[in-house]
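Written below as structure tokens is the structure these notes are about.
The values are calculated or read from the model by the stated rules, or taken from the named source; none is laboratory data. Nothing here was measured: the structure is a model prediction, and the numbers come from that model. Every residue, glycine among them, receives a Cβ derived from its backbone with ideal geometry; neighbour counts consider all protein chains shown. The protein model used for the area step is the full one, side chains on, heavy atoms only, and it has no ligands, DNA or RNA in it. Shrake-Rupley method; radii C 1.70, N 1.55, O 1.52, S 1.80 Å.
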Amino acid sequence: MRPKSCFSHRAWLVVPVAACAFVVWAAHVRRERAEYVSGLVGRANTPDIRDAASPTGYADGQRELIIPERNEESFQWITQAQQMFSRHELRVRHVDYENAPNGHGVSLSSPYRWWIGVLALADRGVSARPIGMAVEHAALYADPAAQVVFLLAAALLAAFAFGPFAAALVSAAIACLFPLSVLYLPGMPFQQGFADALCALSLLLLCAGCRPCPRRRPWFIASGVVGALALWASVPTAVPLILGAGAGALLAACQSRRDPAAGVLPWRAWGLSGGVAALAAYLVEYFPGQGEALRMDLIHPFYGLAWIGMGELLERISGHIQGRPSLRGARAWMAAAGALALVACVPVATRISGGPGFQGQSGRLERLTWLPGSAIAPNSRQWLAREGASLGACAVLGALLVLGVALWLLFRRSPAPRSRAALAVAVGPAAAALVLAAAHVAWWSTLDITLAVLAAAGAADAALAGAAAGSWALGAAAVAACALGAAKALPAPFGGSSTALTAPESGELVERHLAHWLERRTGTPGFVVYAPPLETTTLCFFGGLKGIGTFAPDNRTGFGNGLTIAGAQSMQDLQTNLEVRGVRYIVMPSWDPFFDDFGRLYLDKAQSGRTSLLAHDLRSWNLPPWLQPVPYQLPVGGGFEGQSILVFQVVDPQGPAVAASRIVEYLVEMGDLDAASTVAERLRRFPGDVGAIAARAQLAAARDDSAELSSALASLDERLAGGGERYLAWDRRVSLAVVLARAERYGQAAAQIRRCSETASEADLRLLSTGSLYDFLVLAKSFHSPLPPALRDLAVNLLPVDLRGRL
């Protein structure tokens, strides 16, 4: 039966419609910003070149979407969803873009990946995009779509079970409570909101079965099945709420002792359905055997068995609390002992395995939301002490008004205690979430979903008991909490070209440009790059590259390998480690302190003072012969002025003169003339090497040192007269031609350029720096020594767009 009161008028159904409209509008505003930032100029490649054969849908395996606040998990979801389609893997269990060359296993569960996949298939059907590109586009609305579906499903369920007033409270809570309302952000696929939605629907079904109605068992069975899906999606989120529901069951039994007509709720059916569904989910995810199946922070058969045992215990204990006759004798005691053993298997297995338990993969628990500038704190006490009476703190704590009214409704004197079963059950998960929210600020969003369910149960209780005061109090608490939450979560209007970028957005734009540039320069898909963990994630994502160490929880081995490389004690050890992992490039951003702090932050106390030989020698230009610096210019703008990125390519061992020449020309192109002068002193040890003399001439010309330039040119004349350039490396010959052309020795320059054009290869062109390649193409055109058409097209495409225009 449905509750009836002054609050059950159908006009309340306007609230879910308005809440849904608010959610869609807020998502649209935030999506506009995400699309604008992703579309900013600065790409190294022409954007949006479709390639259906590419796993990403873009040519060369690149990606374009800038992830707000660079949520590390979002990169993984998009990449793995694209891999699911490109390799036809329904379950993604291994990836090779991290911990190169071996890759690592995947623990992220399949349901949320399938959700992204379903949206991508719909997107492809509408837009005809390649499926990889459709996945990236679907990431813009995967979470907002989940929020809309969640809101509508919860509102319909609450309306059917508890009445329109309950539906209004639930939908308003989902749309407005903070931080729940900003858990579903465009462009940031994140499993937490998906798991929270499943948990809320499971609790709503459970509370619907607790209300006075003739058929309760189907509601409990449905709740168990949906709860198992939530457990499958996120064990760290679902387990505390399931335990909280068990505590709520005992509270409901205590509340119904005064009502002789109250029956024992079918907890056995709930436990059996949830447990069997959890076992089925485990088989779907991992059968046949997978190594991840032994981890207690993932869906595990022991959770299904424990749920079955808990349902049996709740049925028996509830009946005992209510004073109802129960089976006695050895069989009953054996059944109870068996149920207790099933429940105990989870803590026992966790203890034996030595793992972190069900909270092992709980993600970033210290971050309140993923909005820019969101609070980050180790616990709620420190966060509140820092926040004070701010709007954010008031919005978060305002939701507790609903909990306060619900507790008053639960423990007030009433002639109809039987109506409180749903309310009592809903209090249990809310209490569990509140305890965890006090310890971890990220749990406040999950607390909000339990408060939404609590509001629906409280509305039904007030209506059944005829407590108009309770309905008014609950409505007032919900309005206050939602008003505070909406004020905090309201998106700023999209500012178009005047939009100010956040630091993470600026960083991703730079790293996207670098990833595209490296991929284009190399021409080999999926080569390995070594960089700090944060940059490794973005380089792998945007360029389709492979990396070693990242902060992904599944990549602990790769992270350890990255630390080994950073802490290598000799260049021989470093070279061996890089060769074993097939590293092609080393990247060192100036803004990432990883190489300076890795010992203090990530090594044990005995090794915390270790410094990076790699970083020290590379920054001082004391390079081994198998490393060559590669000039890379950051794109203009974006807030990274004054920063730089050192890029080194692993090459075949070079002679000392060639190596020093390339370093000097690199520093000249990068504008660091003082460092170039220091390194150029090494070139004086090779007075007869034409390449070394050409590098000295380039430095002298850059410094306007006419005396040094004249001396270098005189040395070149002497060496060229004797055929000293006969065995020059191809890029050294280009350098020589540039020096001769700038000295207006056009005949000699033309001869060198002609020889370069005749002997050029694709590998030669890719080895040149951007400046040298541009100079070579200009001279080849001026001296009528063109490259073959295919090589010329490649050379032009290797240049940035602005330099192509100058040609």
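The table below gives the values:
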item: Rounded accessible area per residue of the chain, 1.4 Å, Å²; result: 40
item: Chymotrypsin sites (Phe, Trp or Tyr not before Pro) lying in DSSP loop within region 701-777, provided at most 10 other Cβ fall within 10 Å; result: Tyr727
item: Ranked packing of 182-188, 154-160, 78-84, most packed first, by mean Cβ within 10 Å; result: 182-188, 78-84, 154-160
item: Distance-filtered residues of region 682-700 - backbone nitrogen under 15 Å, label point 7 angstrom along Ala707 Cα→Cβ; result: 700
item: Largest to smallest accessible area among Trp12, Trp77 [probe 1.4 Å]; result: Trp12, Trp77
item: Length-normalised contact order for the chain - Cα pairs under 8 Å, 6+ apart - percent; result: 13
item: Stretch gain in nm, segment Ser620-Arg412, where the contour uses 0.36 nm per residue and the Cα spacing is subtracted; result: 67.4 nm
item: Computed E for Ala337/Asp652 - FRET, C-beta separation, R0 45 angstrom, nearest 0.05; result: 0.05
item: Computed accessible area, Ser706, all protein chains, 1.4 angstrom probe, square angstrom; result: 80
item: In degrees, nearest ten, helix 706-721 long axis to first principal axis of the chain (Cα); result: 70
item: Förster radius 41 Å - calculated FRET efficiency between Asp717 and Ala763, Cβ distance, rounded to 0.05; result: 0.85
item: Helix 267-286 vs. the chain, principal-axis angle (Cα, 0 to 90°, nearest 10); result: 20
item: Heavy-atom accessible surface of region 182-277: percent carbon and sulfur, 1.4 Å; result: 68
item: On Cα atoms only, tilt of 730-742 relative to the major axis of the chain in degrees; result: 60
item: Heavy-atom accessible surface of region 21-108: percent carbon and sulfur, 1.4 Å; result: 57
item: Loop-located GluC sites (Glu not before Pro) in region 43-128 whose Cβ has at most 16 other Cβ within 10 Å (DSSP); result: Glu89
item: Extension gain (nm, one decimal) between Val348 and Leu603, 0.36 nm per residue minus Cα-Cα; result: 88.7 nm
item: Order of exposure, largest accessible area first, which applies to Met670, Met310 with probe 1.4 Å; result: Met670, Met310
item: Accessible area, probe 1.4 Å, largest first, for residues Lys781, Lys488, Lys605, Lys546; result: Lys605, Lys781, Lys488, Lys546
item: Theoretical gain in end-to-end length, Glu366 to Tyr746 [0.36 nm per residue, Cα-Cα removed]; result: 130.3 nm
item: Label-point separation in nm, Val126 to Arg50, each point 7 Å along Cα→Cβ; result: 1.6
item: Proximal aspartates and glutamates to Lys488, defined as alpha-carbon separation beneath 17 angstrom and excluding residues fewer than eight positions away on the same chain; result: Glu387, Asp448
item: Spin-label model distance (nm) - Ala11 vs Arg217, 7 Å beyond Cα toward Cβ; result: 4.3
item: Where GluC sites (Glu not before Pro) fall in DSSP loop in region 698-792, at most 16 other Cβ within 10 Å; result: Glu744
item: Estimated inter-spin distance, Ser374 and Arg726, nm [label 7 Å along Cα→Cβ]; result: 6.8
